[in-house]
2 protein chains.
Amino acid sequence: MPIFDFSDEYFMQKALLEAQMAFEEGEVPVGCVIVCNDKIISTCHNMTKRLNDCTSHAEIIALSAAQEYLQSKNLKGCTLYVTLEPCVMCAGALYWSQISRIVYGAEDKKRGSSLFGNLYHPKTEIVSGIMSEECSLLIKDFFKTKR
Amino acid sequence: MPIFDFSDEYFMQKALLEAQMAFEEGEVPVGCVIVCNDKIISTCHNMTKRLNDCTSHAEIIALSAAQEYLQSKNLKGCTLYVTLEPCVMCAGALYWSQISRIVYGAEDKKRGSSLFGNLYHPKTEIVSGIMSEECSLLIKDFFKTKR
């Protein structure tokens with residue numbers, strides 16, 4: 001019997017831990033992990049405030065780190081888990097990486113890339129709604145503290 | 001009589017010089033400058049090969065540098081000049097920056113963001129076709145050397 005169950009929920013939980021770190025740092029709480037052969041090769045959370053840089057979304061930083069780790073721009077065989085639906089910028093970056101799977105938690109009804117059609121690579125499988133309530137609640141709680 | 005004419009062509013010429021540097025380095029030759037009050041605050045060329053990172057397009061790196069320089073995520077009042085039409089990723093990044101103007105040279109008929117609708121910020125003015133022949137020729141020459 002395996003000690004770990006490497007399910008989508010297992011890895012989304014890891015992404016959610018990253019999102020909680022973002023929350024504690026006053027960043028919009030979005031977290032992300034990239035997995036290759038059941039191994040997490042890169043984790044990050046949103047850092048736009050800390051780095052004063054609108055391109056520092058969790059996915060962009062995690063993509064750069066994964067490519068550095070694999071020494072390859074091509075992330076075929078990898079899965080990205082992210083707590084919030086990727087925006088246009090991140091969907092465009094994921095396109096270039098040709099990543100095999102993208103799993104996201106909460107929908108982003110304001111700036112989610114799906115509002116603009118399918119911007120992902122045709123070979124990328126998209127899975128949505130994994131732990132969406134937990135992912136969404138964290139973001140709602142964050143914006144409550146900002147009012 | 002002014003020594004410099006700060007026209008769109010003037011700054012596109014600077015972006016083209018960056019693109020030529022990319023060419024010499026074996027990178028897809030795209031160059032970019034960001035201008036604020038007639039002053040170039042950031043310049044970059046495509047570095048995806050050197051950095052082994054599909055997110056290292058000229059615009060993304062130049063945006064990060066401009067935000068660092070201005071200590072602001074908001075690039076209102078700035079203009080980005082880029083030799084090739086921005087892709088989806090870069091259009092999405094430019095959206096977040098709320099940059100005032102984007103001026104590009106050559107169209108990208110394969111991956112230009114305009115193929116996917118208007119992904120830019122509604123307040124961003126888009127100007128296309130500045131020195132498009134020179135910008136386009138450099139890219140054609142590059143891909144000829146790759147055959």
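The values are calculated or read from the model by the stated rules, or taken from the named source; none is laboratory data. Worth saying up front: this structure is predicted, and the values here are computed from it rather than measured. Note: ideal-geometry Cβ built from the backbone for every residue, glycine included; neighbour counts use all protein chains shown. The accessibility values were calculated without ligands, DNA or RNA, using every heavy atom of the protein model including side chains. Shrake-Rupley method; radii C 1.70, N 1.55, O 1.52, S 1.80 Å.
Does region B:49-68 hold any residues that are touching a Lys or Arg at 6+ places or on another chain (Cβ under 8 Å) and surrounded by 20 or more Cβ atoms within 10 Å (Cβ to Cβ), and which are they?
B:ASP53, B:CYS54, B:SER56, B:GLN67, listed by residue number.
Looking for something in contact (Cβ under 8 Å) with a residue 40 or more places away in the chain and more than 28 Å from A:SER114 (Cα to Cα) - is there at least one such residue anywhere in region B:66-78? Yes. Taken as a whole, the condition of being without any contact (Cβ under 8 Å) to a residue 24 or more places away in the chain, hydroxyl-bearing (Ser, Thr, Tyr) and within 21 Å of A:GLU25 (Cβ to Cβ) does not apply to A:SER42. Taking A:GLU9 as the residue in question, decide whether it is closer than 21 Å to A:THR124 by Cα, at pLDDT 95 or above and open to solvent by 10 Å² or more (accessible area, probe 1.4 Å). Spelling it out, A:GLU9 is indeed closer than 21 Å to A:THR124 by Cα, at pLDDT 95 or above and open to solvent by 10 Å² or more (accessible area, probe 1.4 Å).
For region A:113-136, the candidate set comprises residues that are among the hydroxyl-bearing types (Ser, Thr, Tyr) and under 17 Å from A:GLU9 (Cβ atoms); within that set, the residue that is surrounded by the fewest Cβ atoms within 10 Å (Cβ to Cβ) is A:SER128. Taken over region A:85-107, residues that are of a type outside the set (A, V, I, L, M), out of contact with any helix residue (DSSP H, G or I) (no Cβ under 7 Å at 6 or more places or on another chain) and within 14 Å of chain B (Cβ to nearest Cβ) amount to 1.
Within region A:114-135, one or more residues are assigned to a helix (DSSP H, G or I) and in contact (Cβ under 8 Å) with a residue 60 or more places away in the chain.
Looking at region B:3-24, is at least one residue outside any helix (DSSP H, G or I) and touching a Gly at 6+ places or on another chain (Cβ under 8 Å)? Checked against the condition, which is being outside any helix (DSSP H, G or I) and touching a Gly at 6+ places or on another chain (Cβ under 8 Å), region B:3-24 yields no hits at all. Got at least one residue in region A:89-98 being within 23 Å of B:TYR95 (Cα to Cα), in a helix (DSSP H, G or I) and open to solvent by 50 Å² or more (accessible area, probe 1.4 Å)? Looking for residues that are within 23 Å of B:TYR95 (Cα to Cα), in a helix (DSSP H, G or I) and open to solvent by 50 Å² or more (accessible area, probe 1.4 Å), one finds at least one in region A:89-98, hence yes. The sole residue among A:LYS110, A:LYS73 that is facing chain B (nearest Cβ under 8 Å), open to solvent by 10 Å² or more (accessible area, probe 1.4 Å), outside any helix (DSSP H, G or I) and not small (Gly, Ala, Ser) is A:LYS73.
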